Amino acid sequence: MAVTIPLPEDIESCLEQQWGNLPRHALEALAIEGYRTRALSRSQVRRMLGFETRAEVDELMNRAGIPFDYTSDDFEHDAETSQHLTAPEEPDLSAQSRGSGLSVPYDRSPNHSS
């Protein structure tokens, strides 16, 4: 979709001096407002602006003063994931409990020193 905004030449010139690329600035302003009002998701903003990463969206929103949309549910989910990833693995002792003994690797190579 293409949008045309008719502007008097003097206003267009003034805005270009202030903001540079007017079509890009208008597109970013539309994306920021869409995200701020929750009409657009971060992913939609990323696609709309041709960004490669979510970090680029976060940087744009930070520059615009839009707070990071991070809910308490997001925090709880991340905390659970973090605990799962950092929890030490418990050794599998099921072979020992069945009385099958401890398995120890044995190296038969001639360089093996005992």
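The values are calculated or read from the model by the stated rules, or taken from the named source; none is laboratory data. Since the model is a prediction, treat every value here as computed from it, not as a measurement. We place every Cβ from the backbone using ideal geometry, glycine too, and count neighbours over all the protein chains shown.
At-a-glance table
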quantity: Any hit, region 65-75, residues being assigned to a helix (DSSP H, G or I) and either touching a Cys at 6+ places or on another chain (Cβ under 7 Å) or under 25 Å from THR4 (Cβ atoms) (or both); calculated: no
quantity: Residues of region 47-64 that turn out to be loosely packed, with under 14 Cβ neighbours inside 10 Å, outside any helix (DSSP H, G or I) and within 13 Å of the chain's Cα centre (by Cα), as a count; calculated: 2
quantity: Any hit, region 86-102, residues being farther than 19 Å from MET1 by Cα, in contact with a helix residue (DSSP H, G or I) (Cβ under 7 Å, 6 or more places away or on another chain) and at pLDDT below 70; calculated: yes
quantity: Selection count, region 1-46, where residues are of a type outside the set (Gly, Ala, Ser), assigned to a helix (DSSP H, G or I) and either surrounded by 13 or more Cβ atoms within 10 Å (Cβ to Cβ) or in contact (Cβ under 8 Å) with a residue 40 or more places away in the chain (or both); calculated: 17
